[in-house]
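Novice: Starting off with a structure, shown below.
The values are calculated or read from the model by the stated rules, or taken from the named source; none is laboratory data. Just so we're clear, the structure is a prediction, and the values are computed from it rather than from any experiment. Note that each Cβ is placed from the backbone with ideal geometry, even for glycine, and that neighbours are counted across all protein chains shown. These area figures cover heavy atoms from the full protein model, side chains too; ligands, DNA and RNA do not enter into them. Shrake-Rupley method; radii C 1.70, N 1.55, O 1.52, S 1.80 Å.
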Amino acid sequence: MNGNTPISEIDQLVQQAHEAFLAFKRINSKQRAAFMHLVADEIEALGPELIDTAKLETNLPDARLAGEKARTVFQWRSYADALEKVLDIRIDTADTQRTPPKPDLRKTAVGLGVVAVFGASNFPFAFSTAGGDTASAIAAGCSVIVKTHPGHPKTSALMAGAIKAAVQRAGLHTGLFTEVRSDNVEGGQYLVAHPLIKAVGFTGSFAGGKALYDLAAKRPEPIPVFAEMGSVNPVFLLPRKLEKAAADVAKQYAASLTLGVGQFCTNPGIFVAPNHKDLPQFIDALKTLIADTSAAPMLHQGIASAYCKNKAALLAQAGVTVLAEAPETSPETHGNATVATVTANQFLANEQLGHEVFGPFGLIITYENAQEAEAIAKTFHGELTTTVLAEPEDIHAHQSLIEVLTGKCGRLLLNGFPTGVEVCYAMQHGGPYPASTDSRFTSVGPDAIKRFLRPLSYQNWPDEWLPDELKNANPLGIWRTVNGELTKSSL
Ligand code: NAP
């Protein structure tokens with residue numbers, strides 16, 4: 001008995017989720033938002049058992065898990081509060097005097113249907129069962145079936161219990177949120193291929209996201225797969241910045257690279273630095289910081305062994321030299337920070353050096369001049385983030401490089417490091433392929449809801465038959481663009 005949900009049961013769950021979606025459509029966006037606050041209350045009320053369970057299943061420390069729980073609650077609340085803005089209601093009233101007459105048109109946005117959600121191992125709360133994909137799909141008016149991550153099944157069950165308790169308190173259909181347990185690809189793939197599934201939210205590896213994307217595209221009715229995948233998040237250090245702040249940059253880089261044993265999709269895996277007279281100062285400071293880091297337990301043995309294997313494969317490439325390594329203890333479970341270096345020429349000649357090594361591994365590429373830095377930048381595919389560490393005169397002198405970087409990422413940082421993804425309206429978490437499968441959307445921040453919505457215009461419908469969002473009296477009291485003007489007024 002492995003606890004996997006049988007395929008026949010998955011089919012029933014999808015049918016129920018579809019019925020729940022149809023019932024959920026009948027409540028308005030304010031009621032949906034109120035339900036989301038109930039979910040937030042239930043998650044907030046989960047006691048120490050949640051943190052203790054997640055700690056046992058993921059090896060993540062208490063403080064990190066407590067922070068992630070608060071972030072997860074905030075996602076449910078802030079997406080609920082943002083819903084009216086995200087719906088972006090447009091009303092253009094009729095003009096019967098015009099030739100030809102202009103019809104009355106009112107546009108809202110409605111949920112796509114049943115959404116299948118796949119969470120990642122490294123965020124057991126914020127990007128998993130009750131994470132951002134589930135919150136944004138529910139905000140959009142969709143029902144959700146989560147394929148639980150095999151790395152933290154008990155944590156998932158606790159989070160699922162919180163959502164189900166809120167469903168019960170709100171008197172909603174129990175099919176609104178369900179889970180499928182599967183520790184192999186079969187259950188998840190059946191879900192994605194099911195005709196009643198209308199969209200997929202995925203956070204995880206490139207291999208997993210691409211496999212599900214291809215599967216969804218081959219269905220008789222193709223569906224969108226919003227897959228947020230791995231990234232090397234290149235950081236470009238420019239010469240004047242190196243002159244001014246070598247030791248400080250080394251300190252910040254080491255902290256970001258090793259944060260959470262490097263297990264972040266925004267981990268700065270590639271660092272591009274000028275071969276400048278002050279580079280040794282940066283390297284020496286970095287060597288000391290990395291050597292002083294203790295190896296720490298990774299999420300699970302599979303991640304730890306993948307780290308060892310992928311790191312060894314990269315270190316075996318021509319021209320790669322290890323600069324610094326934290327002492328190795330229990331490599332079967334722990335990850336030790338490692339920094340290696342390679343010249344621009346060697347990097348440009350070997351495509352394999354640009355691959356993500358998930359964990360605390362950094363590759364420093366040294367460049368001789370601005371043209372070489374730009375040539376390196378051009379090799380990157382889509383990234384979640386790119387970063388520039390620069391003084392004002394550097395920015396002035398490297399406009400062309402910065403232009404290349406804007407074409408490669410979803411978030412461009414200046415003088416900071418990419419770990420740490422704020423949940424807010426202006427966040428873009430997602431980038432050109434292969435960082436994500438649809439660079440037009442974000443998976444963090446209220447705009448994540450838009451992934452699971454489709455616009456729907458009502459033409460010439462009498463007021464009584466319109467959804468509340470579109471009625472003349474504006475009974476929900478929300479912001480709407482009426483004949484081009486943003487207003488809360490009634491018509
Ligand atoms: P993963 O191995 O891809 O697993 C994610 C989920 O997808 C699991 O439930 C997994 O189930 C399922 N899955 C994977 N391959 C599948 C396939 N071929 N068919 C059906 N289901 C499949 O990812 P992970 O190891 O948990 O997470 C680490 C990776 O996630 C890193 O690369 C990291 O950079 C990335 N990540 C990205 C973000 C982001 O926002 N972009 C955030 C966090 C992490 P099974 O294991 O049962 O197959």
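Novice: Hey, does the range 238-247 have a residue that's surrounded by fewer than 22 Cβ atoms within 10 Å (Cβ to Cβ) and within 14 Å of the ligand (Cβ to nearest atom)?
Specialist: No; the residues of the range 238-247 include none that is surrounded by fewer than 22 Cβ atoms within 10 Å (Cβ to Cβ) and within 14 Å of the ligand (Cβ to nearest atom).
Novice: Is there any pair linking a residue in the range 60-79 that is within 16 Å of residue 264 (Cα to Cα) to one that is open to solvent by less than 20 Å² (accessible area, probe 1.4 Å), with Cβ under 7 Å and at least six apart or on different chains, and which?
Specialist: From residues that are within 16 Å of residue 264 (Cα to Cα), the pairs are 60/54; 65/54; 68/125; 68/126; 71/126; 71/423.
Novice: Please list, ordered by first then second residue, the pairs with beta carbon atoms under 6 Å, 6 or more apart or interchain, first in the range 454-473 and under 26 Å from residue 138 (Cβ atoms), second open to solvent by 50 Å² or more (accessible area, probe 1.4 Å) and not in a strand (DSSP E or B).
Specialist: 468/475; 471/463
Novice: Would you check if there is a residue in the range 438-446 being touching a Ser or Thr at 6+ places or on another chain (Cβ under 6 Å) and more than 11 Å from the ligand (Cβ to nearest atom)?
Specialist: no
Novice: Considering only the range 233-251, I want to know if a residue exists there that is under 19 Å from the mean Cα position of the chain (by Cα), of a type outside the set (Asp, Glu) and more than 27 Å from residue 139 (Cα to Cα).
Specialist: Yes: the range 233-251 contains one or more residues that are under 19 Å from the mean Cα position of the chain (by Cα), of a type outside the set (Asp, Glu) and more than 27 Å from residue 139 (Cα to Cα).
Novice: Quick one: residue 353 ticks every box in (1) surrounded by fewer than 24 Cβ atoms within 10 Å (Cβ to Cβ); (2) more than 18 Å from residue 320 (Cα to Cα) except a single one, so which number is it?
Specialist: All conditions are met except number (2).
Novice: So, one more: For the range 119-149, name all the residues that are of a type in the set (Phe, Trp, Tyr) and under 19 Å from residue 447 (Cα atoms).
Specialist: 127
Novice: Please work out which one of (1) of a type outside the set (Phe, Trp, Tyr); (2) more than 21 Å from residue 231 (Cα to Cα); (3) touching a helix residue (DSSP H, G or I) at 6+ places or on another chain (Cβ under 9 Å) is the condition residue 294 fails and give its number.
Specialist: Of the numbered conditions (1) of a type outside the set (Phe, Trp, Tyr); (2) more than 21 Å from residue 231 (Cα to Cα); (3) touching a helix residue (DSSP H, G or I) at 6+ places or on another chain (Cβ under 9 Å), the odd one out for residue 294 is (3).
Novice: Would you pick out the residues in the range 147-170 that are within 16 Å of the ligand (Cβ to nearest atom) and either of a type outside the set (Ser, Thr, Tyr) or more than 20 Å from residue 70 (Cα to Cα) (or both)? Explain how you work it out, then say what you get.
Specialist: Keep residues of the range 147-170 that are within 16 Å of the ligand (Cβ to nearest atom), which gives 147-157, 159-160.
Within the range 147-170, 147, 148, 149, 150, 151, 152, 153, 154, 157, 159, 160 qualify.
Novice: Here's something else I'd like to know. Kindly list, by first and then second residue, each pair from a residue in the range 30-43 that is within 13 Å of residue 84 (Cβ to Cβ) and open to solvent by 10 Å² or more (accessible area, probe 1.4 Å) to a residue that is in a helix (DSSP H, G or I) and not hydroxyl-bearing (Ser, Thr, Tyr), limited to pairs with Cβ atoms under 7 Å and residues at least 6 apart or on different chains.
Specialist: That search, which allows pairs on different chains as well, returns 32/83; 32/139; 33/80; 33/81; 33/83.
Novice: Also, quick follow-up: Taking the condition more than 9 Å from the ligand (Cβ to nearest atom) and of a type outside the set (Lys, Arg), does residue 202 pass?
Specialist: no
For every residue, the table says whether it meets (1) touching a Cys at 6+ places or on another chain (Cβ under 7 Å); (2) open to solvent by less than 50 Å² (accessible area, probe 1.4 Å).
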{"site": "414", "(1), (2)": "no, no"}
{"site": "425", "(1), (2)": "no, no"}
{"site": "431", "(1), (2)": "yes, yes"}
{"site": "443", "(1), (2)": "no, yes"}
{"site": "451", "(1), (2)": "no, yes"}
{"site": "454", "(1), (2)": "no, no"}
{"site": "462", "(1), (2)": "no, no"}
{"site": "466", "(1), (2)": "no, yes"}
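Novice: Filter the range 380-394 down to residues that are in a helix (DSSP H, G or I) and open to solvent by 10 Å² or more (accessible area, probe 1.4 Å) and give me whichever is nearest to the ligand (Cβ to nearest atom).
Specialist: So, considering only residues that are in a helix (DSSP H, G or I) and open to solvent by 10 Å² or more (accessible area, probe 1.4 Å), the one nearest to the ligand (Cβ to nearest atom) is 392.
Novice: Out of all the residues in the range 205-231, which are more than 9 Å from the ligand (Cβ to nearest atom) and either out of contact with any Pro (no Cβ under 7 Å at 6 or more places or on another chain) or closer than 23 Å to residue 355 by Cβ (or both)?
Specialist: Here is the first cut: in the range 205-231, the residues more than 9 Å from the ligand (Cβ to nearest atom) are 213-214, 216-226.
Across the range 205-231, the qualifying residues are 213, 214, 217, 218, 219, 220, 222, 223, 224, 225, 226.
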